[in-house]
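First comes the structure, then the notes that go with it.
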Amino acid sequence: MVSRRWRVTVDPRRCIGSGICAGAAPGHFVLVDAVSIPLDELIAPEDSVLDAAESCPMEAIAVRDAADGRVIAPEP
Amino acid sequence: MTETRQDSTTRAYPFSAPDRLDLDPRYAQLRQHEPLTRVRLPFGEPAWLATRYADVRTVLGDPRFSRAASVGRDEPRITPLQMASGILSMDPPEHTRLRRLVARAFTARRVEDLRPRAREIADELLDRMVAGGPPADLVEAFATPLPVTVICELLGVPVADQGRFHVWSEAIVSTTSLSPDRIREYIDNLYAYIGELIARRRRVPTDDLLGALVRARDSDDGRLTETEMVQLAAGLLAAGHETTVTQIPNFVYVLLTHPAELARLRADPALVPSAVEELMRYVPLGVASSFARYALEDVELGGVLVRAGEPVIASLSAANRDPEVFDDPDRLDLTRAANPHVGFGHGVHHCIGAQLARMELQVAVAALLHRLPGLRLAVPEPELEWKSGMLVRGLRKMPVAW
Ligand code: HEM
Ligand code: SF4
């Protein structure tokens, strides 16, 4: 069986470099020149990444199901 | 190269009593020559003070620095009482669990929905102020009721009760303006008041933010304790009272004392958003620095080895004037393009109300420029009364004419 994967993206035009995601999910986001970048675009499901996406004030982070592109976070 | 701690002397901090919105020149000297320095605050153990932009961002953003570790320590601070719980005393993942519950109410998108209402409030307040004729106190007539009405409507707190909770919310930002007993009493009153509003929502559910918190609490998946809910709501109410309220008159003061920049802004109101960012960078709102972060392991910072267990405070105001990041940092430039200031902090505790405050500040500045083209101080500048004994700098009153 293929395990589920998530695809994590950050929209650099929306990100204001608050550093919230990099602090809430340190293994997953890093700030480069005041813009957040996901360390890995494809990840195993992980709660802290959902938390980061829900906490981003700009809704710049999207977590999708890698298989079908369904948005997992943030909630609409 | 790593310095040993004997090389630096311990300085009393804050370096001086606040004078208007001037930043003590010692910040610039330290940033250049001793980016991490030992300081002793009026209360608590000695600390490191970070003044460089890069180091300030590390202290606030790097998980090796902790707020939760301040609990149980005699935290360096300028307030007599120590904040021992609440959102600002937590680290991820507990912090994230709590913050997530309210974060979505403060996203840029949700805040945008509130803008028309904020404009309407601003217009009504200015109608009333103009009808009363000059002079008027801008603090009382405009800068206070605008953010207070916005945060009350968002939370679902009756604006009519303002007379009760406005006094109490000062306790959250008081250093010496209130006695420790009075601070405790006011905070208890504020919690009791929020408790009443919550009890009411358990009888009659509402769809405001307080109602949403009550639902999150009562869905009973252990996400939120009763105390956490009350503290969080009280914190939002008080923060919504004491920050933007102070910053609006500060912005007006800076603009009135920089007439050339004010003229540029009047000529091109499209500059308002960048002007608000520049004013956020330029105004050293805090009297001191951030809340202390404790190193969880040895960390090399600013040429110094900060040992595990040592507290560091980060100066947002010094970081915002770092020439490594901002060209000609002591100059107010309302058209400054890149402006990654840390006026709202950085990292997981980055101000949850930042988007809301930005929107309110934009609405306030735009409305004042548009409606009061002749806005000016109604008293000579030296007669302005500044607050004292508070965490933030600001005007007690701001008599203006137009
Ligand atoms: C111009 C206005 C404001 C300024 C300059 C400001 C500044 C800040 C700063 C610097 C921090 C971080 C403190 C630290 O890390 O040590 C912070 C945190 C916070 N602010 Fe604001 N703030 C403003 C408006 C507001 C408003 C309107 C609200 C309420 C809706 C608010 C609620 C909070 C809360 C709850 C935190 C703690 C967040 C956390 O610990 O995760 N602030 N603010
Ligand atoms: S939380 Fe959002 S705005 Fe802040 S750094 Fe991460 S992606 Fe950027």
- Ranking B:Ala69, B:Thr227, B:Thr51 by how far each Cα lies towards the positive end of the charge dipole of the protein assembly as shown (+1 on Lys and Arg Cβ, -1 on Asp and Glu Cβ), the top one is B:Thr227
- Message: Quick one: the Cα spread of the stretch A:6-73 along its three principal axes, in angstroms, biggest first?
- Response: 31, 21, 17
- Task: Could you go through the stretch B:373-390 in sequence order and give the Karplus-derived ³J(HN,Hα) for each residue, using 6.51 cos²θ - 1.76 cosθ + 1.60 with θ = phi - 60°, rounded to whole Hz, and x for Gly and Pro?
- Result: x, x, 4, 7, 5, 9, 10, x, 3, x, 8, 5, 9, 9, 5, 9, x, 10
- Item | Chains B and A together, accessible area buried on both sides, 1.4 angstrom probe, square angstrom | 1600 Å²
- At A:Glu46 and B:Arg307, where each label point lies 7 Å from the Cα along Cα→Cβ, what is the point-to-point distance in nanometres? 3.4 nm
- Query: Considering the Cα trace of the protein assembly as shown, what is its radius of gyration and what is Dmax, both in angstroms?
  - Reply: 22.3, 77
- Message: Using amide H atoms built in the peptide plane, which far-off residues or other-chain residues are under 5 Å from A:Leu39 H to H?
- Response: A:Phe29, A:Val30
- Query: Label points 7 Å out from Cα along the Cβ direction at B:Asp207 and B:Arg117: separation in nm?
  - Reply: 1.2 nm
- Message: At 1.4 Å probe radius, can you tell me the per residue accessible area of the stretch B:10-401 in Å²?
- Response: 40 Å²
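Report, as a whole number in µm² per second, the diffusion coefficient that Stokes-Einstein gives for chain B at 37 °C and 0.692 mPa s using the Kirkwood radius over alpha carbon pairs. Spell out each step's value before the answer.
Values: Rh = 22.1 Å.
Once the numbers are plugged in, D ends up at 149 µm²/s.
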- Query: A:Ile72's amide H: which non-local residues (gap 5+, or another chain) put their own amide H closer than 5 Å, with H modeled 1.01 Å from N in plane and none for Pro or chain starts?
  - Reply: A:Val63, A:Arg64, A:Asp65
- Message: At R0 = 41 Å, how high is the FRET efficiency between A:Val71 and A:Asp33 if r is their beta carbon distance? Nearest 0.05 is fine.
- Response: 0.90
- Query: Using the Karplus equation 6.51 cos²θ - 1.76 cosθ + 1.60 (θ = phi - 60°), what ³J(HN,Hα) coupling, rounded to whole Hz, does each residue of the stretch B:113-124 give in order, writing x for Gly and Pro?
  - Reply: 4, 8, 4, x, 5, 4, 5, 4, 4, 4, 5, 4
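For the protein assembly as shown, what is the charge dipole size about the Cα centre, in debye to the nearest 20, if Lys and Arg each add +1 at the Cβ and Asp and Glu each add -1 at the Cβ? List each step's numbers first, then the result.
On the way: 55 positive and 66 negative charges, 79 e Å.
In debye, rounded to 20, the protein assembly as shown gives about 380.
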- Note on the structure: Scalar couplings 3J(HN,Hα) for the stretch B:203-210 by Karplus 6.51 cos²θ - 1.76 cosθ + 1.60 (θ = phi - 60°), nearest whole Hz, x for Gly and Pro, are 7, 10, x, 10, 9, 7, 5, 4
- Along Cα→Cβ, 7 Å out, is where each label goes; now give me the distance between the ones at B:Glu140 and B:Ala199 in nm to one decimal. 3.4 nm
- Charge dipole (the stretch A:6-73, unit charges on Cβ, about Cα centre) - positive-most of A:His28, A:Thr9, A:Ala67: A:Thr9
- Quickly estimate the mean residue ellipticity at 222 nm for chain B, helices only: each DSSP H run with n ≥ 4 gives -39500 (n - 2.57), and the total goes over all residues, rounded to 500. -14000 deg cm²/dmol
- Task: Would you kindly find the accessible area of B:Leu255, with a 1.4 Å probe and non-protein molecules such as ligands, DNA and RNA excluded, rounding to the nearest 10 Å²?
- Result: 10 Å²
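The values are calculated or read from the model by the stated rules, or taken from the named source; none is laboratory data. Because the structure is a prediction, the values reported are computed rather than measured. No Cβ is skipped: glycine too gets one built from the backbone with ideal geometry, and neighbour counts run over all protein chains shown. SASA here: full protein model, heavy atoms, side chains in, ligands and nucleic acids out. Shrake-Rupley method; radii C 1.70, N 1.55, O 1.52, S 1.80 Å.
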